[in-house]
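Scroll down for the structure; my scribbles are underneath it.
The values are calculated or read from the model by the stated rules, or taken from the named source; none is laboratory data. None of the values given here were measured: they were computed from a predicted structure. Please note: Cβ atoms are built from the backbone with ideal geometry, for glycine as well, and neighbour counts cover all protein chains shown. The area values use the complete protein model at the heavy-atom level, side chains included, leaving out ligands, DNA and RNA. Shrake-Rupley method; radii C 1.70, N 1.55, O 1.52, S 1.80 Å.
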Amino acid sequence: MSLTTDAPNPLSPRTLHPAGPGRSGPHPGGAGGGSGGEEPVRHLFVDRPKVYPSDVRGFFRRLKWAALAVLLAVYYVTPWLRWDRGPGIPDQMVLIDMAGRRAYLFDIEIWPQEVYFITGLLIIGAFGIFLATTLFGRVWCGYACPQTVWSDLYMWVERRIEGNRSERIRLDRAPWTAAKAAKKLAKHAAWLVIAVLTGGAWIFYFNDAPTLLSDLLAGEVSWRVLAFVGLFSGTTYFFAGWAREQICIYVCPWRSYQSAMLDEDSFVVTYEDWRGEPRRPVHKSQSWEQRAAQGYGDCVDCKLCVHVCPTGTDIRKGQQISCIGCGLCVDACNDVMRQLGRPGDLIRFDTQSNQVARALGQAAPVRIVRPRTVLYALIMLTVGAVMVGALVLRPSVEVNVLRDRAPLYVVMSSGEVQNAYTLKILNKTHAARDFRLTVDGLDRPVLAAATLEGQGDALTAHADPDSVATYRVFVRVPRAGAAPGSTDVTFRVEDLATGETGTHPSVFMAP
């Protein structure tokens, strides 16, 4: 499916001619042409006209309001939901504890070395968007993208304060007065409040929400917290209030990716040009039969489909990169057709294959199951199954071993050869545990640790709940039992309460 854009090309030069005495308009002669011809002024970038989206009512507008309400509620409420995990463990249902190096989601606790779970979620999310786009076009962009959600909220505030589309245009063109300044100030104040609430809510996902709110109100937070609140507040205010559709058209890479995701069986916003063209404004004195006899279509060129579009796209020009697939133009056109007594769905969600068939008086079947949709679904199911399996089978105890590199070994006065290691025992349970530490692969090893009592072929180590216990362990073997060079060994820790075992390979060095 080919995509075009009706947005101004930033690389297309615009030619302007300087105004001055004797130059009241364009100079047809150009450089060197006519009397007194001068070199035209060329500007590399063309200013994009400001978009003033109009309000509209209809099914897709209600669907967007519902999506906005649900998504904003999830975003703002989630940090305040509690989930009891036991004493000493954070009870916030969703929390990314940077200080504690943990991520919590319901009963799931993710440790730093388990970042592959985050990778799996990102893969599922990416292919989920691929699948949704292949089936229903840019439904993510039109309904669930944060840029769309907050821009919709900001535009709603703008309409409540400054009025409908025509009133906002007149207000911007009018000279500055006290009334205009008051409206602008009220709008931007409301935008800033929403931005601060947005930035603050995001920080709550990384801290205990009630505690952080109390500290914020008391002015007892660190400069880092304030800096991140300011950062996310500023980006929300700029992206949703000022940049808006320009983020979708020029910044977001998804606008380019979608051309690879869509095919002729994807549901996208379409315009039935075979029915609407050629377009012409409607005249009360003319019946639709007379209009049809003159060869005109149903489109009355009211441009409401353009005026309600958040990106200012004219869908009558075909599929374009700037279209986010929200369907508001469908609501606007259907409302006009209903008032004129004409059939609806001149603009509609449809597949390109069905549009071609309808133009011929036929119908194309809906093909949900296609090679690419099956592939995307299989990838998501496979990654999801692997993640669930890894989550169910992951051990509650792990051990990491780091051998000292300098010196490689020490020959004791008794003739024994000693190596030193740093052991980290990860106790992922919410209860204190004792572990039995042994080494496999050596002849009569003797283990000792500076912070543990006794020595022998095994040591007993302790680990607090949900923590990492670090020990410096020394392993000695008789000189006669130490093989020259490097010997592969395995450190083994066994939970004395459950019998669960964790192992880690290493080496033992000897002369």
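General remarks:
- Of all the residues in the range 316-370, those that are within 20 Å of residue 143 (Cβ to Cβ), open to solvent by less than 30 Å² (accessible area, probe 1.4 Å) and in contact (Cβ under 8 Å) with a residue 40 or more places away in the chain number 16.
- Count - residues of the range 448-497 that are part of a strand (DSSP E or B), of a type in the set (D, E, K, R) and more than 49 Å from the chain's Cα centre (by Cα): 1
- Helices (runs of 4 or more DSSP H) fully within the range 142-224 counting 1 or more residues that are under 13 Å from residue 241 (Cα atoms) and of a type in the set (A, V, I, L, M): 146-162, 178-204
- Residues of the range 153-174 that are hydrophobic (A, V, I, L, M, F, W, C) and open to solvent by 60 Å² or more (accessible area, probe 1.4 Å): 156 alone.
- Restricted to the range 384-442, and to residues there that are open to solvent by less than 50 Å² (accessible area, probe 1.4 Å) and free of Cβ contacts under 8 Å to residues at least 24 places away in the same chain, the residue that is farthest from residue 89 (Cα to Cα) is 404.
- Taken over the range 186-241, the residue count meeting the criterion of being over 27 Å from residue 89 (Cα atoms) and of a type in the set (Lys, Arg) is 1.
- Annotation note: Cβ proximity below 9 Å between a residue of the range 170-181 that is at negative phi and a residue that is open to solvent by less than 100 Å² (accessible area, probe 1.4 Å) and in a loop (DSSP other than H, G, I, E, B) (sequence gap 6+ or interchain) occurs for 170/163; 171/163; 172/52; 180/174.
- From the list 148, 177, the one residue that fits, being surrounded by 15 or more Cβ atoms within 10 Å (Cβ to Cβ) and of a type in the set (Val, Ile, Thr), is 148.
- Among the candidates 467, 506, residue that is among the small types (Gly, Ala, Ser), modelled with pLDDT of 90 or more and out of contact with any helix residue (DSSP H, G or I) (no Cβ under 7 Å at 6 or more places or on another chain): 506
- Filtering the range 103-134 to residues that are in a strand (DSSP E or B) and surrounded by fewer than 17 Cβ atoms within 10 Å (Cβ to Cβ) leaves 105, 108.
- In the set (1) open to solvent by 50 Å² or more (accessible area, probe 1.4 Å); (2) assigned to a loop (DSSP other than H, G, I, E, B); (3) touching a residue at least 12 places away in the same chain (Cβ under 8 Å); (4) not β-branched (Val, Ile, Thr), residue 505 fails one condition alone, (2).
- Summed over the range 443-464, the residues that are at pLDDT below 85 and surrounded by 15 or more Cβ atoms within 10 Å (Cβ to Cβ) give a count of 1.
- Residue list for the range 279-315, filter: acidic (Asp, Glu), open to solvent by 30 Å² or more (accessible area, probe 1.4 Å) and either within 25 Å of residue 267 (Cα to Cα) or in contact with a His (Cβ under 8 Å, 6 or more places away or on another chain) (or both): 301
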